[in-house]
1. How far apart, in nanometres, would the label points at Ala132 and Asp113 be if each is projected 7 angstrom from Cα along the Cα-to-Cβ direction?
2. Which sequence of Leu144, Leu65 reflects their accessible areas, 1.4 Å probe, from the largest down?
3. How much accessible surface area, in Å² rounded to 10, belongs to the heavy atoms of Tyr111 with a 1.4 Å probe?
4. Work out how much length Asn121 to Ile6 would gain on full extension: take 0.36 nm times their residue separation and subtract the Cα-Cα distance, in nm to one decimal.
5. Report, as a whole number in µm² per second, the diffusion coefficient that Stokes-Einstein gives for the stretch 60-154 at 20 °C and 1.002 mPa s using the Kirkwood radius over alpha carbon pairs.
6. Based on the alpha-carbon gyration tensor of the stretch 101-142 and its eigenvalue square roots a ≥ b ≥ c, which shape applies: rounded if a/c is under 1.5, prolate if not and a/b is larger than b/c, or oblate?
7. Can you tell me the FRET efficiency between Ser73 and Leu100 if r is taken as the Cβ-Cβ distance and R0 is 30 Å, rounded to the nearest 0.05?
Amino acid sequence: SVIPWICPQTGSDPVELLWHVNERPVGGSLGEGPPSSSTPWEGTPDQWCLTTGGHWDPTFGCGGLSQFQNTPSCPAVKVCDPEYDLTSCEMGDLTGKHGLLSTASQTLSYYEDPYITNIENMVGLSINFSCASGQPPVVACANLLPDAPPPGFA
């Protein structure tokens with residue numbers, strides 16, 4: 001769960017977060033993996049989330065934070081419209097496709113995204129959570145890891 005005071009909020013409203021799959025793992029470039037105790041990394045842990053790059057966008061949805069923004073592949077910014085034009089959404093833009101992530105519930109939540117690839121294809125990418133207000137920019141991040149095999153499976 002999110003520490004209640006980490007995102008600015010009014011009254012007792014639940015904290016709502018932006019959430020996105022990003023193009024690189026926490027603290028490193030794709031293929032490198034995150035820094036470890038044996039691999040020194042420039043910067044502090046609170047900066048690691050900022051190294052994850054743009055929103056993962058293999059289908060060129062070309063939103064404002066697409067990994068391909070300002071390249072010939074994405075000459076203009078599109079606004080994610082999952083209801084009428086799913087192609088306008090970055091694959092990693094979970095906020096655009098599903099809305100803000102509320103911290104109101106302290107129970108485990110499941111989200112189904114029929115418009116994203118198999119999670120095994122996203123190993124090595126990261127997921128970031130940000131305050132809806134944009135301040136601070138990122139409050140939590142994690143690398144996406146392969147699913148563990150079922151018990152008894154070798």
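The values are calculated or read from the model by the stated rules, or taken from the named source; none is laboratory data. Please read all numbers here as calculations on a predicted model, not as lab measurements. Glycine gets a Cβ as well: all are built from the backbone with ideal geometry, and neighbour counts include every protein chain shown. Quick note on the areas: whole protein, heavy atoms, side chains included, nothing else; ligands and nucleic acids left out. Shrake-Rupley method; radii C 1.70, N 1.55, O 1.52, S 1.80 Å.
1. Between Ala132 and Asp113, the simple spin-label model gives 1.9 nm.
2. Values: Leu144 30, Leu65 110 Å².
From most accessible down to least: Leu65, Leu144.
3. So the heavy atoms of Tyr111 present about 120 Å² to solvent.
4. Numbers: separation 115, 0.36 × 115 = 41.40 nm, distance 3.17 nm.
Computed gain between Asn121 and Ile6 is 38.2 nm.
5. Numbers: Rh = 15.5 Å.
This corresponds to a translational diffusion coefficient of 138 µm²/s.
6. Numbers: a/c = 2.24, a/b = 1.35, b/c = 1.65.
Here the stretch 101-142 falls in the oblate category.
7. On the way: r = 28 Å, r/R0 = 0.93.
Computed FRET efficiency for Ser73 and Leu100: 0.60.
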